[in-house]
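The structure appears right after this line, and notes come after that.
The values are calculated or read from the model by the stated rules, or taken from the named source; none is laboratory data. Just so it is clear, the model here is predicted, and its values are computed rather than measured. Please note: Cβ atoms are built from the backbone with ideal geometry, for glycine as well, and neighbour counts cover all protein chains shown.
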Amino acid sequence: MAPSDSRPWRLLLSRLRRSDPARIRGDELLVAHDSNVADRLLREGLIAYGPREDYVPPDCEHGCLPDLDFATRAPERLVGVACPNEEPCWRGRSWVRACEVISFRCGSASLFAALRQRNGLAPLHLPAPGGFTPVGLLRRRGREVPVVWSRPRPDFAHAVLGLKRQLATQGLIVLVPRPTSVTLAPLEHVAIIALPDGDDGDLELTRGLDVIDPHYRDKAAQRSEPEAEIDWITLHFATTPERHVLIVNGHDFVGFRKGDALFARLLYLAAERRFGARGGWKKKATLVADFAPQPPEESLKRADRALEALRAELIGDDVPGLTSDDQDAILKTDRGTGLVRCAVVPENISFDDSLAELTWKVHTTTTSRAGTTKLSKRQADGVDDAQMLLTQARRLGVPGLVEEVTPPPIRKRPASRSAR
């Protein structure tokens, strides 16, 4: 179960590799997506109709501009194609589907503008583009790194360095159509990377950041760096009737499948990071659904145990390409403040629509042969916590209806002797 997107990014980016603006046939859009995708992309301004000369009949020997009849059989969505040569390749008209004749064009500027939010980019203005298209400004890892698109040419390295000096920036990422042998000295802090092949619109800009700052990952994975963000990990949350689903960097994670409270706690922290304020930082007591301004000692102790259980679950499976330190760093705590957060950057967190139908799995593990279910007090408390955290996550933006859940009573601390 993978993150979904309403636009055919793989097709658009693959065609941009060939030409700018990218040229896309109507039937290619149909193969890549549903029948309404062209209308949606046209309304968004992401694509525009291409000129008639973009269409060359596959069985035309002359490769000339054909005579096209769009009107006669328009209700049938058929277009008449005639060869205009004095000795035509075929007599009369051949009728083909309109989607085979109609073409679209997509410029790099509009395509990358549509991808900015998905990749956590701010708008970027280039005072003198000089063959570079602005993609966006990447504010990450304590840096502001411009990202641009270009096609290599004979003076490419010189042009890239000239752009970097013009922008007076700490680093520069240049996207190119395909891998290139052009490289620059490490001290230049310039990364030249190829467009990725993914379906979800992720430009995988961390590849460029790793070139600019090759030691960042090791530093950010340490618990002693609470403010360091994790931008090389993606989290996708989903559920099925049988189990909860957590996908980490495309890997179906073994943990959290039956643990309702564990899953809800991580889901809540991810929702706060994706949709909430203050960088997703929350008091640890919220892990046990205690949202009081000053949680009692009992809640704090339960929260510490809940946090350690989450950490243990996160390193309990081997994710290809990640170390246990990477996985442990998904959660960060700020010592002395009692705060915790999901450290994965917001644009790398996604929630599947299946979460609207989420059900708790503890009942499937405690049902007797007679069909009866009896939960222990600890299990019942875990389900109560999970339900409250799910409600909060849905209020933030996770799919599903928000249920009214009565919060548990806040235990008041006993008054001191002097106050009695």
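Restricting attention to segment 251-259, does a residue exist that is closer than 22 Å to residue 392 by Cβ, assigned by TED's automatic domain parsing to the domain that holds residue 377 and in a helix (DSSP H, G or I)? No, that holds for no residue. If you go through segment 177-198 and keep only what is over 16 Å from residue 136 (Cα atoms), touching a Leu at 6+ places or on another chain (Cβ under 9 Å) and part of a loop (DSSP other than H, G, I, E, B), you end up with 177, 178, 184, 189, 196, 197, 198. Taking into account only those residues within segment 148-204 that are over 29 Å from residue 348 (Cβ atoms) and touching a helix residue (DSSP H, G or I) at 6+ places or on another chain (Cβ under 8 Å), which is surrounded by the most Cβ atoms within 10 Å (Cβ to Cβ)? The residue in question is 161. Consider segment 227-236 and keep the residues that are assigned to a strand (DSSP E or B) and under 12 Å from the mean Cα position of the chain (by Cα). The one that is farthest from residue 356 (Cα to Cα) is 235. I need the full set of residues from segment 254-300 which are without any contact (Cβ under 8 Å) to a residue 24 or more places away in the chain and under 19 Å from residue 348 (Cα atoms), in order please. Selection gives 277, 278.
Taking the conditions exactly as written (at pLDDT 75 or above and not assigned by TED's automatic domain parsing to the domain that holds residue 131), does residue 73 satisfy them or not? Judged against the criteria, residue 73 is a match.
Of the residues in segment 202-211, not one is part of a loop (DSSP other than H, G, I, E, B) and more than 22 Å from residue 249 (Cα to Cα).
Results for (1) surrounded by 18 or more Cβ atoms within 10 Å (Cβ to Cβ); (2) farther than 21 Å from residue 289 by Cα; (3) modelled with pLDDT of 95 or more, shown as yes or no for each residue.
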site	(1), (2), (3)
317	no, yes, yes
331	yes, no, yes
335	no, no, no
352	yes, yes, yes
373	no, yes, no
399	no, no, yes
406	no, no, no
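Does residue 154 fit the bill of being under 24 Å from the mean Cα position of the chain (by Cα), over 15 Å from residue 191 (Cβ atoms) and of a type outside the set (Lys, Arg)? It is false that residue 154 is under 24 Å from the mean Cα position of the chain (by Cα), over 15 Å from residue 191 (Cβ atoms) and of a type outside the set (Lys, Arg).
If I filter segment 11-31 down to residues being aliphatic (A, V, I, L, M) and without any contact (Cβ under 8 Å) to a residue 40 or more places away in the chain, which single residue comes out as surrounded by the most Cβ atoms within 10 Å (Cβ to Cβ)? Ranking the candidates gives 11 first. Residues of segment 15-33 include at least one that is of a type in the set (Asp, Glu), at pLDDT 90 or above and in a loop (DSSP other than H, G, I, E, B). Filter segment 99-109 for residues that are buried (at least 17 other Cβ atoms within 10 Å of the Cβ), assigned to a helix (DSSP H, G or I) and not acidic (Asp, Glu) and give the result. Result: 99, 101, 108. Only one entry in 234, 206, 239 is hydroxyl-bearing (Ser, Thr, Tyr) and either free of Cβ contacts under 8 Å to residues at least 24 places away in the same chain or more than 20 Å from residue 325 (Cα to Cα) (or both), namely 239. For residue 129, are the conditions met, namely being in the same structural domain as residue 191 (by TED's automatic domain parsing) and either in a strand (DSSP E or B) or modelled with pLDDT of 95 or more (or both)? Against the criterion (in the same structural domain as residue 191 (by TED's automatic domain parsing) and either in a strand (DSSP E or B) or modelled with pLDDT of 95 or more (or both)), residue 129 does not qualify. In the set 309, 285, only one residue is small (Gly, Ala, Ser), in contact with a helix residue (DSSP H, G or I) (Cβ under 9 Å, 6 or more places away or on another chain) and surrounded by 17 or more Cβ atoms within 10 Å (Cβ to Cβ); that residue is 285. The set of residues from segment 294-349 being of a type in the set (Asp, Glu) and under 19 Å from the mean Cα position of the chain (by Cα) comprises 326, 347. Residues in segment 177-189: is at least one free of Cβ contacts under 8 Å to residues at least 40 places away in the same chain and either at positive phi or under 22 Å from the mean Cα position of the chain (by Cα) (or both)? Checking segment 177-189: at least one residue is free of Cβ contacts under 8 Å to residues at least 40 places away in the same chain and either at positive phi or under 22 Å from the mean Cα position of the chain (by Cα) (or both). Cβ-Cβ contacts under 7 Å between residues 6 or more apart (or on different chains), taken from a first residue in segment 145-162 that is farther than 24 Å from residue 116 by Cβ to a second residue that is charged (D, E, K, R), are listed as 161/188.
Just give me the residues in segment 266-290 being outside any helix (DSSP H, G or I) and either of a type outside the set (Phe, Trp, Tyr) or under 13 Å from residue 392 (Cβ atoms) (or both), in sequence order. 276, 277, 282, 283, 289, 290, listed by residue number.
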